[in-house]
Amino acid sequence: MSTPRAVVALVALALLGAGAGFGVATQTGDDVVTEPTAAPLAASPSLPGADEESDEPEPYAEDIDYRTLVPPTRFVTYRIGNDVQAWRYLAPRGWQAYSVPDDVELPPAQVDSRQEVRFRPPDEPVEGGYSLRVKAVNDHVPPATMLADKLRALRLAPTSFPDLTLLERTDDSLYFTYRTPSSNRLRYNFFRWFAAPGAGEASLEMSVVGRARDEVGLRGLFDQFRDGLRPVS
């Protein structure tokens, strides 16, 4: 006769096998990205009688001491694209462009040649502040599918993104918070996916990330980016 422990082990193995094929959520400069690789499912609940943690969640660490983000008023226009679609977009004037994921400074002349770029103030620390990230995508799926895949990947990586809290969700945008395991800070991360007019496939992903005190500025920048985005024929 199978013991309860054996049954649980078989179920766990079956779930692990079913978990292949989803993107795995990772962090790049305090921002969440999704890579096309297999990710393990969250651990199954403890067996009856096992030790359970009942302590309150650890308090968040203090945010870095840096000025609060306010919606920018001046912008620079850049271009990004691939075989699916090209776009012209706005980035805050005076912010430095960095390559992703190696976080190397990019001169203005090199920004348009990159498929993914991050912008942040040049005097801001590498982690703990706020930034804008822009990425050309060619998964050949609509924005709603990109959104669903992102949310699924985040939920399948609970140890990488603890305390994940969904704030808002639309057909093409996702607003959430999480705790960074390395610094134990609360982070606000907003995503949006864009398809060119008349096209069903998402060809651009953008995101902004920052602290709780930056939320108003993040939302403002989020909307400014949308309003200034233009497809290139």
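The values are calculated or read from the model by the stated rules, or taken from the named source; none is laboratory data. Everything quoted here is computed from the prediction, not taken from an experiment. With ideal geometry, Cβ positions are generated from the backbone for all residues, glycine too; neighbour counts draw on all protein chains shown. For accessibility, only protein heavy atoms count, side chains too; no ligands or nucleic acids. Shrake-Rupley method; radii C 1.70, N 1.55, O 1.52, S 1.80 Å.
Does a label point 7 Å from the Cα of R67, set along Cα-to-beta-carbon, have any residues of the range 174-201 with amide nitrogen under 16 Å, and which are they?
Output list for this probe position: empty.
Report the extension gain between T159 and R79 in nm, rounded to one decimal, defined as 0.36 nm multiplied by the number of residues separating them, less their alpha carbon distance.
Result: 25.2 nm gained on full extension.
In terms of solvent-accessible area of protein heavy atoms at a 1.4 angstrom probe, what is the ranking of I64, I80, highest value first?
I64, I80
For S233 and R152 in one chain, what is 0.36 nm times their gap in residues minus the Cα-Cα distance, to one decimal in nm? Display every interim value, and only then the final one.
On the way: separation 81, 0.36 × 81 = 29.16 nm, distance 3.30 nm.
Once the chain is fully extended between S233 and R152, it gains 25.9 nm.
Modelling each spin label as a point 7 Å along the Cα-to-Cβ direction, I'd like the D223/R169 distance in nm, to one decimal.
Spacing of the two 7 Å Cα→Cβ label points: 2.3 nm.
Could you tally the net charge around Y175, taking each other residue with its Cβ under 11 Å from the Cβ of Y175, Lys/Arg +1 and Asp/Glu -1? Please list the in-between numbers first.
Working: positive: R169, R192, R219; negative: E168, E215.
Every neighbour counted, the sum reads +1.
List the trypsin sites (Lys or Arg not before Pro) in the range 81-136 that DSSP assigns to loop (not H, G, I, E or B) and whose Cβ has at most 13 other Cβ atoms within 10 Å. Which are they?
Taking the range 81-136 and a limit of 13 other Cβ atoms within 10 Å, the loop trypsin sites (Lys or Arg not before Pro) found are R93.
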